[in-house]
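*Asks:* Here's a structure for you.
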Amino acid sequence: MRNALITGWGKCLPPTLLTNHDLESIVDTDDEWITTRTGIKERRISHVPLSDLAALAGKRALAAAGVEPEDVDLVMVATCTPDTLMPSAAGMVQNKLGATSAGAFDQNAACSGFLYSLISASGMVASGVIDTALVIGADVLTHLLDFSDRSTAVLFGDGAGAVVVQATDEDAGIIASRMGSDGSVAEILWAEGSGSATGYKEVERNHQLAAISMNGPEVFKRAVKAMGDASSAVIEEAGWSVDDIDLLVPHQANVRIIDATARRLKLDSSKVFVNIASYGNTSAATIPIALTEALENGRVQPGSKLVFAAFGAGLSWAAVALKFGSRVTPISEIDEELPPTDATVLDLLADNFAYFGGGPRG
Ligand code: ACO
């Protein structure tokens, strides 16, 4: 039987750190609050456009799969922070990779975007529409942060992760999936004014329109329920019990959301992958980055039973039960890195501060 298998994986994190201690000098917060309420210690700020992060994560995933760019049929980029709204980030990535035979499009389900894309691409591969897809989750949400708003400024970071999905005869791949959405409460997590519904005069009058605003406690509650329920549904549909799960790779938004989701599933914390301390919430990128690190750390074995779960703006959510394939090591690796930068984190955020009005406190 033809299945769709993850055969390559890669990540790209920009090098510049924004630590909790840095944030103490920017907004009224402290390391202890951020660590205990979110689990985050530091996050990255990108010095390059989103498409550069996405392209490098994609190149690393292609090398791991042993796939040449010209053999890719589809480049899909899950993002809500493309370089430009038109053309798509995926088109730019296709060009940067030299994926000359590929179609390319973006997909926006915010933090759930990578799972929506993985489910879509796997369906296309399994049904024979295409043979090879490069699925990238990438976001630079710090671009949409108002650093004078402490309820959002401490949560997000920039990054990209990618997987290659290929046709296989192996008995592996996605076994069950769920996607969900509730647009009736969209305004509890949104970047109002970031799209075409905002009048030109309004944008001119109020420069703060495009920043992310969020009702944190409400998002928290709904995230735990949606991720827990969707995970339970895919575990049941896969015919698994919770004991069968080798690893839960959840969206990294807040360590307390992750812990509460695992408790709701009655899953031991030793079976949950968490790396939020290092990167914060990188939106659509958290799951492919976490999966890449889980593979690098030997937490995924041949045939491992994995559950992915995500939640984000929309509201949107998704979960996947997936049996990993027989190869868990990369076929090859590349040396390429992002261009170096001498800029400090404050240099990189200077334009943001000038626009939204935040900045180092005197
Ligand atoms: N530093 C210090 N104090 C803070 C900070 C901060 N950075 N942020 C808020 N506080 C204060 C509040 O002002 C409040 O003070 P008060 O009691 O004097 O009014 C107090 O801390 C508690 O605030 P809450 O909002 O109730 O804190 P909570 O425990 O809920 O934690 C948090 C807030 C971390 C935002 C949490 O609600 C959360 O993680 N929610 C989910 C957010 C999320 O995951 N969003 C992304 C989804 S993915 C996507 O699609 C983009």
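*Asks:* State which entries of 11/323; 11/225; 266/323; 41/266; 59/225 exceed 32 angstrom in Cα-Cα distance in the structure shown.
*Replies:* Table pairs above 32 Å Cα-Cα are 59/225.
*Asks:* List the trypsin sites (Lys or Arg not before Pro) within the stretch 1-41 that DSSP assigns to loop and that have no more than 13 neighbouring Cβ atoms inside 10 Å. Mind showing how you got there, number by number?
*Replies:* Details: sites: 2, 11, 37, 41; in loops: 2, 41.
Here the sparse-neighbourhood loop sites are 2.
*Asks:* Please state the shape class of the stretch 320-362: rounded when a/c is under 1.5, otherwise prolate if a/b exceeds b/c and oblate if not, all from the C-alpha gyration tensor.
*Replies:* Numbers: a/c = 5.35, a/b = 2.16, b/c = 2.47.
Oblate, because a/c is 1.5 or more while a/b does not exceed b/c.
*Asks:* Still on this structure: Under 14 Å from the Cα of residue 305, which aspartates and glutamates turn up, not counting those fewer than eight places away in the same chain?
*Replies:* List returned: 171, 236, 237, 243, 244, 246.
*Asks:* What shape does the chain have by the C-alpha gyration tensor, where a ≥ b ≥ c are the square roots of the eigenvalues, rounded means a/c under 1.5, and otherwise prolate means a/b greater than b/c and oblate the rest?
*Replies:* Numbers: a/c = 1.61, a/b = 1.32, b/c = 1.22.
Prolate is the answer for the chain, as a/c is 1.5 or above and a/b outweighs b/c.
*Asks:* To the nearest 10 degrees, how steeply does helix 216-237 sit against the main Cα axis of the chain, on a 0 to 90 scale?
*Replies:* With both axes taken from Cα atoms, the answer is about 0 degrees.
*Asks:* Rounded, prolate or oblate: which fits the stretch 274-362 when a ≥ b ≥ c are the square roots of the eigenvalues of the alpha-carbon gyration tensor, with rounded for a/c under 1.5 and prolate only if a/b beats b/c? Can you show the working numbers first?
*Replies:* Values: a/c = 3.33, a/b = 1.67, b/c = 1.99.
Oblate shape, in that a/c is at least 1.5 and b/c is the bigger or equal ratio.
*Asks:* When 1/r is averaged over all different Cα pairs and the result inverted, which Kirkwood radius in Å belongs to the stretch 3-171? List each step's numbers first, then the result.
*Replies:* Values: mean 1/r = 0.0603 Å⁻¹.
Every distinct Cα pair counted, the radius reaches 16.6 Å.
*Asks:* ³J(HN,Hα) across the stretch 184-200 via Karplus (A = 6.51, B = -1.76, C = 1.60, θ = phi - 60°), whole Hz, x for Gly/Pro?
*Replies:* With the stated coefficients, the stretch 184-200 comes to 5, 10, 3, 6, 6, 7, 7, 10, 4, x, 8, x, 6, 6, 8, x, 4 Hz.
*Asks:* So for the stretch 208-302, averaging the separation of alpha carbon pairs under 8 Å that are six or more residues apart and normalising by length, what relative contact order in percent results? Could the numbers behind the result be given before it?
*Replies:* Values: 75 pairs, mean separation 26.3, N = 95.
Relative contact order for the stretch 208-302 comes out at 28 percent.
*Asks:* Percent relative contact order of the stretch 3-171, based on C-alpha pairs within less than 8 angstrom and at least six residues apart?
*Replies:* Numbers: 382 pairs, mean separation 58.6, N = 169.
It comes to 35 percent, rounded to a whole number.
*Asks:* Among 78, 61, 321, pick out the residue whose Cα is farthest towards the positive end of the charge dipole of the chain, where Lys and Arg carry +1 and Asp and Glu carry -1 on C-beta, about the Cα centre.
*Replies:* So the residue furthest toward the plus end is 321.
*Asks:* Report the Rg/Rh value for the stretch 175-323, based on alpha-carbon coordinates and the Kirkwood definition of Rh.
*Replies:* Numbers: Rg = 17.1 Å, Rh = 16.4 Å.
Rounded to two decimals, Rg over Rh is 1.05.
Values quoted throughout were computed directly from the atomic coordinates according to the rules given, and no laboratory measurement underlies them. On a predicted model such as this, the values are computed, not experimentally measured, just so you know. Here Cβ is always computed from backbone atoms with ideal geometry, including for glycine, and neighbour counts include all displayed protein chains.
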